1. If you scan the stretch 50-99, which residues turn out to be more than 26 Å from Arg162 (Cβ to Cβ), out of contact with any helix residue (DSSP H, G or I) (no Cβ under 6 Å at 6 or more places or on another chain) and assigned to a strand (DSSP E or B)?
2. If I ask for residues that are assigned to a loop (DSSP other than H, G, I, E, B) and of a type in the set (A, V, I, L, M, F, W, C), which ones from the stretch 101-143 would you list?
3. Please go through the stretch 115-124 and give me each residue that is in contact (Cβ under 8 Å) with a residue 24 or more places away in the chain and more than 14 Å from the chain's Cα centre (by Cα), ordered by number.
4. Quick check on Ala35: is it small (Gly, Ala, Ser), closer than 22 Å to Pro123 by Cα and surrounded by fewer than 18 Cβ atoms within 10 Å (Cβ to Cβ)?
5. Give Thr86, Thr122 a once-over and let me know the one that is within 17 Å of Ile44 (Cβ to Cβ) and β-branched (Val, Ile, Thr).
6. Output the number of the condition that Ala41 fails; it satisfies all remaining conditions of (1) surrounded by fewer than 21 Cβ atoms within 10 Å (Cβ to Cβ); (2) of a type in the set (A, V, I, L, M, F, W, C); (3) out of contact with any helix residue (DSSP H, G or I) (no Cβ under 6 Å at 6 or more places or on another chain); (4) at pLDDT 95 or above.
7. Taking the stretch 144-158 as the search range and keeping residues that are in a strand (DSSP E or B) and more than 24 Å from Pro82 (Cα to Cα), which one is nearest to the chain's Cα centre (by Cα)?
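The values are calculated or read from the model by the stated rules, or taken from the named source; none is laboratory data. Predicted model, so just to flag it, every value in this text is computed and none were measured. Note: ideal-geometry Cβ built from the backbone for every residue, glycine included; neighbour counts use all protein chains shown.
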Amino acid sequence: MQLTPQQYNEVVEPPVEVAARCAELLPHPGVLDLAELEALAGAIAADRSLWEPLVVVDPHRRRYRLMYEDGRIDVWVLSWMPGQGTGYHDHDLSNVGLACAVGEVVERQMLLPTGASSVTMTPGVTRNGPPGYIHSVAHVDGAPAVTIHAYSPPLVRVGQYRVDDAGILRRSVEHGRQELLDSSIAAIDPDRA
């Protein structure tokens, strides 16, 4: 099946009204710390009128839309449908705050030598992670589930973790606006994916 690509302006140009309303929620003009990012994501998730117009229901791929950006932060709304997940990744040099707005997703961190942590995120649940924080997020319930993600400094690069043909986990650097697909370990170890 041919996947429909995201429109270029959906990931580089936030709607003017949405960006202005997000700007009003920013606590100060500097780089935001973990607690501030988590609180911001939670405040945006709590205001359905702010993110709902940007939700894209697509059964074939996880969709994301830019809500706000400047030189110190970017904020995204992500729409998740059954079977959609990010695979394991990190946010390179960016802190992250995330919040579930509707539906349910699961956040996992790999536990070595076996298994993975599992945090269920339902509306009102928020999380945060520092630079280098490795996790995966996947749809659990909702058509769609919706999450808000805020990064500071802005998300320029991500590390996507994949298993190569020899079974070795490798990190590849991707652009921060590149769609992440769950290609890391799902096929060889579904309990960790």
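1. Of everything in the stretch 50-99, just one residue is more than 26 Å from Arg162 (Cβ to Cβ), out of contact with any helix residue (DSSP H, G or I) (no Cβ under 6 Å at 6 or more places or on another chain) and assigned to a strand (DSSP E or B), namely Glu69.
2. Passing the criteria: Leu111, Leu112, Val125, Ile134.
3. Residues satisfying the conditions are Gly115, Ala116, Pro123, Gly124.
4. So Ala35 passes the test.
5. Thr122
6. (1)
7. Among those that are in a strand (DSSP E or B) and more than 24 Å from Pro82 (Cα to Cα), it is Tyr151.
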